[in-house]
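The values are calculated or read from the model by the stated rules, or taken from the named source; none is laboratory data. What you see is a predicted model; the values in this text were computed from it and never measured. In this analysis, Cβ positions are derived from the backbone assuming ideal geometry, glycine residues included, and neighbour counts consider all displayed protein chains. Note: areas computed on protein heavy atoms with side chains; ligands, DNA, RNA excluded. Shrake-Rupley method; radii C 1.70, N 1.55, O 1.52, S 1.80 Å.
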Amino acid sequence: MLQQRFRELVAMLPSDMHISRVPLWHKANRYIYNLSRTPTILDYVEDVLGPNFFQWGAHCFAKFPHDGTLVPWHQDAYYWPLEPKTTVTVWLALFDTDESNAAMRIVRGSHLCGPLEHHEVDGDHYMLTDEVEEEAIKQSEVVTLDLKAGEISLHDNRLIHGSGPNNSDRLRAGQTMRFSPTNVKADLSVWPTFESYLVRGVDEYQHNPAGKVPSRNGHPLGPKMQGSWEFE
Ligand SMILES: O=C(O)CCC(=O)C(=O)O
């Protein structure tokens, strides 16, 4: 089911658009919106963030066999104009994922390092634009997150993570869902179209505009969404 749905999302996009470049699916696609409300997943998120939190992101990171794409080592928080920096990402494996098909790798303990310098990377195969300096990657602390289809990992927005190219014949894809506690505020001067979707509890702060729940299974590239996703 997860895999069938993934293929449907891919088929919906223009053929020259890699799905890894298309964030914010929860805003346009009811299936992804509902998937992000799976109670078991939210229970894990609540354990980390507390009772009141919203979703603001959903991005699928896919690597087709031998497509050469990679995700540079980075801290998510570097990319997002959100304060405080307390976003948690759920990464749901849509296919079995391990070292041979370019599973995500993390640097254990790096979420405690604080904000790190990033530099720009150059090349179409990079799925993100900036990378942390090489010295920040303690090789002895690198862990590969092997997951079976349907399993999840959670990562803090300061954790250094990334993934290499998929040199296997097996597809690899993870659906992410990004959640923040309700005290997190987006800087709308930097990201004017940011929207929050309350998932659990109450939004006692009302810091961010609320998004509209999608009524159909569309994709985020329609005219209304354009320009709204440069930060995810
Ligand atoms: O799937 C990957 O390799 C990277 C995912 C990622 O960067 C993220 O979830 O923030």
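A few notes on this one:
- Accessible surface, the range 27-135, averaged per residue in Å² (probe 1.4 Å): 43
- Taking 19 Å as the cut-off, the amide N atoms of the range 84-100 that come nearer than this to a point 7 Å along the Cα-to-beta-carbon line of residue 142 belong to 97-100.
- The charge dipole of the range 1-116, taken about the Cα centre with unit charges on the Cβ atoms of Lys, Arg (+1) and Asp, Glu (-1), comes to about 240 debye, rounded to the nearest 20.
- Qualifying lysines (Cα of each under 29 Å from Cα of residue 185; at least 8 residues distant if same chain): 27, 85, 212, 224
- Packing order of peptides 190-201, 86-97, highest average first: 86-97, 190-201 (average count of other Cβ atoms within 10 Å over each peptide's residues).
- Only the Cβ atoms of Lys and Arg (+1) and of Asp and Glu (-1) were treated as charged; on that basis the dipole of the range 95-203 about its Cα centre amounts to roughly 580 debye.
- Measuring nothing but how far apart in sequence close Cα pairs (under 8 Å, 6+ apart) lie, relative to its length, the range 1-75 scores a relative contact order of 34 percent.
- Rounded to the nearest 500, the 222 nm mean residue ellipticity of the chain from helices alone is -3500 deg cm²/dmol, with -39,500 (n - 2.57) taken per DSSP H run of at least 4 residues.
- Positive-end extreme of charge dipole, the chain - chosen from 56, 144, 186 (charges on Cβ): 56
- FRET efficiency, residue 170 to residue 205 (Cβ-Cβ, R0 41 Å, nearest 0.05): 0.40
- Gap separating the Cα centres of the range 1-72 and the range 77-145, nearest whole Å: 17
- Our estimate of slack between residue 66 and residue 133, defined as 0.36 nm per intervening residue step minus the Cα-Cα distance, is 21.5 nm.
- Taking amide H as placed 1.01 Å from N in the peptide plane, residue 130 has its amide H under 5 Å from the amide H of 121, each at least 5 places away in sequence or on another chain.
- Solvent-accessible area, 1.4 Å probe, carbon plus sulfur percent, for the range 42-152: 50
- Placing unit charges on the Cβ atoms of the charged side chains and taking the dipole of the range 128-217 about its Cα centre, the candidate lying farthest along the positive direction among 211, 168, 129 is 211.
- Of 74, 111, 220, farthest towards positive along the dipole that unit charges on Lys, Arg, Asp, Glu beta carbons give the chain: 220
- For q = 0.10, 0.12, 0.13 Å⁻¹, Debye-computed log10 I/I(0) when each Cα of the chain counts as one equal scatterer: -0.43, -0.63, -0.76
- Anisotropy class of the range 126-186 from Cα gyration tensor, a/c 1.5 cut: oblate
- Computed 3J(HN,Hα) for the range 63-68, one whole-Hz value per residue from the Karplus formula 6.51 cos²θ - 1.76 cosθ + 1.60 where θ = phi - 60°, is 10, 7, x, 6, 7, x, glycine and proline marked x.
- Accessible-area value, residue 30, 1.4 Å probe, nucleic acids and ligands omitted, Å²: 90
- Cα-based shape type of the range 84-139, given that a ≥ b ≥ c are square roots of the gyration tensor eigenvalues and the cut on a/c is 1.5: oblate
- Each Cα pair under 8 Å and six or more residues apart adds its separation to the average, and for the chain the resulting relative contact order is 35 percent.
- Charge dipole of the chain (Cα centre as origin; +1 on each Lys and Arg Cβ, -1 on each Asp and Glu Cβ, all else neutral): 1080 debye, rounded to the nearest 20.
- The residues of the range 143-215 expose, per residue, 44 Å² of accessible area to a 1.4 Å probe.
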